[in-house]
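Structure first, commentary second.
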Amino acid sequence: MQRKFLVFLCVGVFCILSATISIAQITNPAATQVPPTLKKPNVKTYWGATVTGTLQLTAAAAAQLFSQPIRIIDDKNVGYLISSYQFAYKRIGITEDEVTGKISPQSEIVANRFYSAILPLVWQNNIKETLQKGEELYFFDIVVISSAGFRFYAPDLKITII
């Protein structure tokens with residue numbers, strides 16, 4: 001009698017576990033599809049009023065942009081909220097070889113991720129003070145939030161100082 005009870009108990013537990021595993025494997029195909037309304041809009045990245053894409057500016061023109069926000073605007077003139085972006089500044093300096101005394105140009109890159117549309121004041125002031133020909137300003141990995149709440153990347157913005 002106990003043996004029959006044990007067999008029935010084991011078979012019952014096996015059936016319950018099998019059913020649980022098979023139900024857990026079922027997926028809803030409608031839930032995995034992205035709704036057609038969540039299409040990435042055609043946007044451009046602006047710094048100030050007109051600066052977009054990859055371009056060359058004088059040091060004076062670029063220095064005026066530092067107090068301006070980064071903006072993401074689509075072809076219907078709708079603005080988007082920026083979640084974060086990375087900014088890199090390639091600065092040029094000189095180095096002197098201590099043995100020979102020879103001076104040679106050297107460049108270095110400083111970069112950081114920011115969460116505000118305007119660069120922090122410390123970054124603005126440090127770059128404006130030393131901005132010179134050949135240096136580069138680069139906004140990339142710009143994460144934007146749409147009005148529907150989904151995130152996407154906006155185009156990069158690169159400025160070379162002439």
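For the range 71-162, state which chymotrypsin sites (Phe, Trp or Tyr not before Pro) are in a DSSP loop and have at most 14 other beta carbons lying within 10 Å of their beta carbon.
TYR115, PHE150
Provide the gained length on full extension for the span ARG113 to ASP141, in nm with one decimal, where the gain is 0.36 nm per separating residue minus the Cα-Cα distance. Could you put the intermediate results ahead of the total?
Values: separation 28, 0.36 × 28 = 10.08 nm, distance 0.90 nm.
Length gained, ARG113 through ASP141: 9.2 nm.
Please work out the ratio of the alpha-carbon Rg of the range 43-161 to 2.2 N^0.38 Å and round it to two decimals. Before the final figure, lay out the partial values.
Working: Rg = 16.4 Å, N = 119, 2.2 N^0.38 = 13.5 Å.
The value comes to 1.21.
Need the list of lysines near LYS40 for cross-linking: C-alpha distance under 27 angstrom, and skip anything on the same chain fewer than eight residues off.
Within the straight-line cut-off, LYS40 pairs with LYS76, LYS158.
Of the listed peptides 47-55, 104-112, 63-71, what is their order by residue-averaged count of other C-beta atoms within 10 Å, with the highest listed first?
Values: 47-55: 13.4, 104-112: 10.4, 63-71: 16.1.
Taking the mean over residues of other Cβ atoms within 10 Å, the ranking is 63-71, 47-55, 104-112.
Show me the trypsin sites (Lys or Arg not before Pro) within the range 92-129 that DSSP assigns to loop and that have at most 13 other Cβ atoms within 10 Å of their Cβ. Kindly include the intermediate steps, with their values, before the conclusion.
Values: sites: LYS102, ARG113, LYS128; in loops: LYS102.
The qualifying sites are LYS102.
Given an 8 Å cut-off on Cα distances and at least 6 residues of separation, report the relative contact order of the range 43-161 as a percent. Provide the component values of the computation, followed by the final result.
On the way: 238 pairs, mean separation 40.4, N = 119.
Normalised by residue count, the contact order of the range 43-161 is 34 percent.
Below 13 angstrom from the Cβ of VAL51, what's the summed charge of the other residues (Lys, Arg +1; Asp, Glu -1)?
Net of charged neighbours comes to +2.
Give the calculated FRET efficiency between ALA148 and THR100 to the nearest 0.05, with a Förster radius of 41 Å applied to their Cβ-Cβ distance. It would help to have the intermediate numbers written out before the result.
On the way: r = 61 Å, r/R0 = 1.50.
Efficiency, from the Cβ-Cβ distance: 0.10.
No value in this document is a laboratory result; all are computed from the given coordinates. It should be emphasised that the depicted structure is a prediction, and the values quoted were computed from it without experimental measurement. A quick note on method: Cβ atoms are made from the backbone with ideal geometry, for glycine too, and the neighbour counts reach across all protein chains shown.
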